[in-house]
Amino acid sequence: IPLKIPDTLDMLFDAELQARGIPEKSMITGEVVVLEGSYYKDTDLNLSLIREAVQKKRETPTPPSKSLPPFLENMDLDVSIKHRQPFLIDNNLARLEVAPDLRLYGKLNHPLISGRAEVKHGTITYQKKTFEVKKGVIDFLNPYKIEPTFETEGQVKIRDWLISLVVSGTPDQLRFDLTSDPPQEHGDILSILLFDKTIGELIEGEGGTSWSPAQMIANIAAKTAGESIRKTTGLDILEVELGKEGDGDALNGVKLTLGKDLSRRMTIKYDIESKDGEMLRQTVTDYKFLENVLLSGFQDTRGRFGGEFQVRIEFR
C-alpha cells in the first residue's frame, strides 16, 4: 500500500490486520511492515547561540476527532510496526537511515505511537558542517500525541579538534550540545565551526581587537542568520554590537544594523540601538568616492544629523 503526504512523506508498506468486536467495543490488531519510505520535510530551527531557560508547560491530551461514526469511534488499535528496509529521514537537518520497532495504539480517531527507532548510520548538518552520526535513537514517549524524541550524537574533525554534537529533544524544541577534544569553551567551539579558528586566533588576526566573548557570540549569531536573512529579505548587511558599561564587563545596550547595497558605490543602513532604557533609530547613507575614500551621512530619531569623511590607508 503506498502512502504519500505532500511535501512531507512517501512510504510503501505491507499490512496484515484483523478487526473484531461489536459496535460498542472493537479492536484492530496485526502488523505493518515498512517496505521503503522517506521523510523529507525541512525543520524550521529557531536556534539561539546564547542559551535561554525555557519554561515547559505540561501537555494535555488532544481531544479526539468526532467525525467518525460510532462504530469506528469506539475502535481501539494494537498494531506493531516493523521494517524491511531502513526508513530514510532526508531534510535540511539530517540524512539518517533508521530502523523502526514501534507500536500503534489508542483509538482509531486518535492514534498514538510508542517504541523506538534506531539510527543505523547517517549525517547531521549544523552550522554548515556535516557530522557523521556515531549513535542515535528516536523514541516515541509522548502519551498525548505522535511526537518523536531525538537523542543523536555526531562528530566532525576540524584541524586538531574532534567536535561532538548531541541533538536531543522534540522537533519543536531541539537542543544542540557541543563538546570538543581537546576541550574548548562553547564560544570557541562555535568559532571553530564557523571560521575554523578559535576566538583568540580571530582576535590575533584582527590585530589584537579586544572583542568580548559576548560580542564574539553576537558576531557568530549574525553570521549564522545572515544568509537566511539575505535570501528572505534581500538585505546585504546584518551586524550586532553589544555595548559595555564604562570599562567593566557589564552589558549596556544592543545595537542592530540592517543595510542594503543600492549600487556598487552607495549603501543605506538602518540602526536600531537600545541603550540606557531608550530605543534609538538612525538612518545612515554611505557613498564611496574611491576604493579608500568614503562619505557618510546620518539622521536619528532625536533630530540630530551629521556626516563624516573617511580616508583609509593600509600599511603592509
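The values are calculated or read from the model by the stated rules, or taken from the named source; none is laboratory data. Please read all numbers here as calculations on a predicted model, not as lab measurements. For the accessible areas, the whole protein counts, side chains as well, though only heavy atoms, and no ligand, DNA or RNA atoms are used. Shrake-Rupley method; radii C 1.70, N 1.55, O 1.52, S 1.80 Å.
Can you sort ARG302, ARG103 by 1.4 Å-probe accessible area, starting with the largest?
Listed by decreasing accessible area, they come as ARG302, ARG103.
Work out, in µm²/s and without decimals, the Stokes-Einstein translational diffusion coefficient of the stretch 61-173 at 10 °C, 1.306 mPa s, Rh from Kirkwood over C-alpha pairs.
100 µm²/s
Please report Rg over Rh for the stretch 255-316, where both radii come from the alpha carbon positions and Rh follows the Kirkwood definition.
So for the stretch 255-316, dividing Rg by the Kirkwood Rh gives 1.05.
What accessible area, in Å² to the nearest ten, does a 1.4 Å probe give for GLU239?
Rounded to the nearest 10, the figure is 90 Å².
Round to the nearest 10 and report in Å² the accessible area of ASP10, as given by a 1.4 Å probe over the protein chains' heavy atoms.
Around 50 Å² of this residue is reachable by solvent.
Tell me, what % of the accessible area of the stretch 96-211 is carbon and sulfur with a 1.4 angstrom probe?
Of the solvent-accessible surface of the stretch 96-211, carbon and sulfur hold 49 percent.
Quick one: accessible surface of MET266, probe radius 1.4 Å, all protein chains present, in square angstrom to the nearest 10.
70 Å²
Can you report the principal axis dimensions of the stretch 125-190 using only the alpha carbons, biggest first, rounded to whole angstrom?
45, 21, 20
Percent relative contact order of the stretch 75-152, based on C-alpha pairs within less than 8 angstrom and at least six residues apart?
That works out to 24 percent.
Let me check something: with ligands and nucleic acids excluded, how do LEU88, LEU108 order by accessible area (1.4 Å probe), largest to smallest?
So, going from the largest accessible area down, we get LEU108, LEU88.
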